[in-house]
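**Q** Take a look at the following structure, please.
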Amino acid sequence: MRAMSLAGAAPRRKQSPVITASEPTGPDRGERPAALLAWYDRHRRILPWRPPAGVPADPYAVWLSEIMLQQTTVRAVGPYFEKFMARWPSVKALGAASLDDVLRMWAGLGYYSRARNLHACAVAVTRNHGGAFPDTEQGLRALPGVGPYTAAAIAAIAFGRQTMPVDGNIERVVSRLHAVEEELPKAKPRIQELAATLLGPERAGDSAQALMDLGATICTPKKPACALCPFNDGCVARLRGDAETFPRKAPKKTGALRRGAAFVVTRGDQLLLRSRAAKGLLGGMTEVPNSDWLADQDDAVARAQAPALKGVTRWQRKAGVVTHVFTHFPLELVVYTTQAPAGTRAPAGMRWAEVATLADEALPNLMRKVIAHALD
């Protein structure tokens, strides 16, 4: 019989089990790949680039979606993916397009180096591979803009190669499942190793997409729906009660605020535009003339960088500033406006564009905000 505590004795404190990454609980680890695929077969997301169950994936669609999804949400990518597929239904069609057309179609999706790499990759696949993507990670890695993750994703999803790509969703699932204490990015090799244990002997692409879906719909950054997870009983972080603290991340570094000036010039129903340098931030995109962007920017120095236009001597400063946050720094732009006389020639390297057709220009979101602020 279980002994009863004596009257007046101090109550015993309930001891919580010590749970570590090396002592998983729940179902055997060997059963996890099958459990993951069973969950995926019931709950897989319907996405524009994902074919129905049992239908082979189109390597072009997989590649296009993976490039677009880098640092961008599924919701934002959907309409762009469908526009690109309608305009350029094959990699050969995309490779035959001009970079300017690709940038125009990409405008608003952000991280514009992806668009330049997208076009360069399409050209390379068309010229060097006859329009067929290489079917190995090594071959894919040799293509412009295709890094380790993207190569693994295409190899697994499009060609069934036994490899596990690890994106942000998969990092979150795996780091919680095993309570990986090391901070990102140092933890990436360990997470990659652990993620590979969830790869089944077959259906590699489905295994990868299952983990992506699990992270996107169940193992979310905040308030994960642990009760619905196929790994519920074996998740170390859930059993410890600190799932939301994973993955561990080093403090994010924010660059210093940069400032500058933008110059919006109208000539009747036209607007003065130019193209940025092909390389660098927003490379190849369209913009209104603007000054340097500097952390210690002087307003007078920035204002002096206004374009020289015959007949234009006065600039009006708009109230307020336009703000934008890039990956490495925030930006504030003061906006100046002016009207040029009819017949005024555009300075070298610039051109006049109809305001009514600005939607067709390769204007990044920053410049669209500047123009909207100026014309308001």
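**Q** Order these peptides, 109-115, 204-210, by their mean beta-carbon neighbour count within 10 angstrom, highest first. Please list the in-between numbers first.
**A** Details: 109-115: 18.4, 204-210: 23.0.
Answer by packing, highest mean first, reads 204-210, 109-115.
**Q** Treating the angle as unsigned and between 0 and 90°, give the value, to the nearest 10°, between the Cα long axis of helix 113-129 and the longest Cα principal axis of the chain.
**A** 80
**Q** As an exercise, use a Förster radius of 41 Å and the Cβ-Cβ distance of L184 and K310 to find the FRET efficiency, rounded to the nearest 0.05.
**A** Here the calculated transfer efficiency is 0.15.
**Q** Would you mind telling me the antiparallel percentage of the DSSP bridges in the chain, rounded to 5?
**A** Numbers: 17 of 27 bridges.
Of those bridges, close to 65 percent are antiparallel.
**Q** Now for a separate question. Run the numbers for A319 and L294: contour at 0.36 nm per residue of separation, minus the present Cα-Cα distance, in nm.
**A** Gain in length upon complete extension: 6.9 nm.
**Q** List residues of the range 268-293, by number, whose backbone nitrogen lies under 14 Å from a label position 7 Å along Cα→C-beta of A342.
**A** Backbone N within reach: 268-270.
**Q** Next question, about the same structure. Just tell me which lysines come within less than 19 Å, Cα to Cα, of K369; anything on the same chain fewer than 8 places away is out.
**A** K318
**Q** Follow-up. Just rank H129, H119, H328, H373, fewest to most, by other beta-carbon atoms within 10 angstrom. Can you show the working numbers first?
**A** Numbers: H129 14, H119 23, H328 11, H373 18.
If I rank by nearby Cβ atoms, fewest first, I get H328, H129, H373, H119.
**Q** Here are several values of volume of the Cα convex hull per residue in Å³: (i) 211; (ii) 130; (iii) 200. Which one was derived from the coordinates shown?
**A** The calculated read-out lines up with (iii).
**Q** Kindly express, to the nearest 10 degrees and within the range 0 to 90, the angle between helix 74-87's C-alpha long axis and the longest C-alpha principal axis of the chain.
**A** 60
**Q** Now for a separate question. Which net charge results for the neighbourhood of T337, defined as the other residues with beta-carbon distances under 14 angstrom from its beta-carbon, given Lys and Arg at +1 and Asp and Glu at -1? It would help to have the intermediate numbers written out before the result.
**A** Numbers: positive: R267, R303, R314, R317, K318; negative: D376.
So the environment of T337 carries a net charge of +4.
**Q** Quick one: of K188/K222; K252/K279; K188/K252; K222/K252, which pairs are farther than 23 Å apart, Cα to Cα?
**A** Values: K188/K222 21 Å; K252/K279 26 Å; K188/K252 17 Å; K222/K252 18 Å.
Going by Cα-Cα distance, K252/K279 fall outside the 23 Å limit.
**Q** Using only Cα atoms, find the angle between the long axis of helix 32-43 and the longest principal axis of the chain, and express it within 0 to 90 degrees, rounded to the nearest 10.
**A** 60
**Q** Ranked from highest to lowest mean number of other Cβ atoms within 10 Å per residue, what is the order of the peptides 146-156, 36-46?
**A** Numbers: 146-156: 22.6, 36-46: 14.9.
Top to bottom by mean Cβ count within 10 Å: 146-156, 36-46.
**Q** Next question, about the same structure. Relative contact order, percent, of the chain when contacts are C-alpha pairs under 8 Å separated by at least 6 residues?
**A** Details: 573 pairs, mean separation 62.4, N = 376.
For the chain, the relative contact order is 17 percent.
Since every read-out is calculated from the coordinates, none of them should be taken as a lab result. Given the structure is predicted, the values throughout are model-derived calculations rather than measurements. Reconstructed Cβ throughout: ideal geometry from the backbone, glycine too, with neighbour counts over all protein chains shown.
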